[in-house]
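*Asks:* Sharing a structure, written as structure tokens. Questions coming.
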Amino acid sequence: MNKRGHVLNGLLLALGLGFILEPSLTLATAETIAEITVPVVLGALFPDVDTAFGRHRKTLHSLPVLAVFLAYPIVFGNLQYVWIGVLTHYILDVVGSRRGIALFHPLSDKEFGMPSGVTTSSKYADLVTVIITGIELAAFWAIHTYVVNLDLDLSAASEAAAGFGL
């Protein structure tokens, strides 16, 4: 996907996640959306920083980078929703585009993708982005409803990490 697609994905995710996390349709819903929009959109854009250095779709498009963003809020107590943007960026690049990404870089440069994608310049790129975003939101809803609350208070985990000197 292109930058426009990743921004569209991040904005739609923040809107949808705001309703998933706070479905009351009150001011609290608007506050939740405002709270998570910037981290999700920044996370959705971050992997493409590797266009300025390194090798695009390899250097910052890997599972070790995602692990750093998953651990960051536990260790530092902030940026709780950036990992969602990073993860969905990867999903868009794997499912939505033809090229795929090097999930196991730097151990392997083999790119993983699916035949379902379109080229980044395709007139269908935005439509594919919206469809994938809808599927992602359905998955986040199911995870939030049946597996684990996505609106986690990570302060206890952050304090525990500090206790270990992290």
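All of the numbers you see were taken from the coordinates with simple rules; none came from a lab. As the structure is a computational prediction, the values presented were derived from the model and not from experiment. Neighbour counts run over all protein chains shown; Cβ positions are idealised from the backbone, glycine included.
*Asks:* Dividing the alpha-carbon Rg of the chain by 2.2 N^0.38 Å yields what?
*Replies:* Normalised Cα radius of gyration, the chain: 1.06.
*Asks:* Need the full-extension length gain, SER116 to VAL147, defined as separation in residues times 0.36 nm minus the C-alpha distance. One decimal, nm. Present the calculation step by step, with values, prior to reporting the outcome.
*Replies:* Numbers: separation 31, 0.36 × 31 = 11.16 nm, distance 2.79 nm.
Contour length minus the Cα-Cα distance gives 8.4 nm.
*Asks:* Specify which residue in the list HIS89, LEU127, MET114 is farthest towards the positive end of the charge dipole of the range 8-130, using unit charges on the beta carbon of Lys, Arg (+1) and Asp, Glu (-1), about the Cα centre.
*Replies:* Sorting the options by dipole projection puts first MET114.
*Asks:* What length, rounded to one decimal in nm, is gained on full extension from ALA67 through to LEU42, with 0.36 nm per residue of separation minus their alpha-carbon distance?
*Replies:* Details: separation 25, 0.36 × 25 = 9.00 nm, distance 1.63 nm.
Additional length available on full extension: 7.4 nm.
*Asks:* Right, something else. Of the options ILE74, GLY16, GLY54, report the single residue whose Cα projects farthest towards the positive end of the charge dipole of the chain (beta-carbon charges: Lys, Arg +1; Asp, Glu -1).
*Replies:* Final value for the positive-end residue is GLY54.
*Asks:* At what distance in nm do the modelled label points of PHE104 and VAL130 sit from each other, each positioned 7 Å from its Cα along Cα→Cβ?
*Replies:* The answer from the label model is 3.8 nm.
*Asks:* Give, as ranges by residue number, the residues of the range 14-51 whose backbone N falls under 15 Å from the point 7 Å along Cα→Cβ of ARG4.
*Replies:* Answer for the range 14-51: none.
*Asks:* Let me ask something else. Could you state the number of Å between the C-alpha centres of the range 98-140 and the range 1-34?
*Replies:* Value for the Cα centre distance between the two parts: 20 Å.
*Asks:* Let me ask something else about it. To make sure I understand, if each residue's beta carbon is the centre and we count other beta carbons within 10 Å, what order do ASP151, ASP48 fall in, fewest to most?
*Replies:* By the 10 Å Cβ count, ascending: ASP151, ASP48.
*Asks:* Explain nothing, just the number: dipole magnitude of the chain about its Cα centre with +1 on each Lys and Arg Cβ and -1 on each Asp and Glu Cβ, in debye rounded to the nearest 20.
*Replies:* 800
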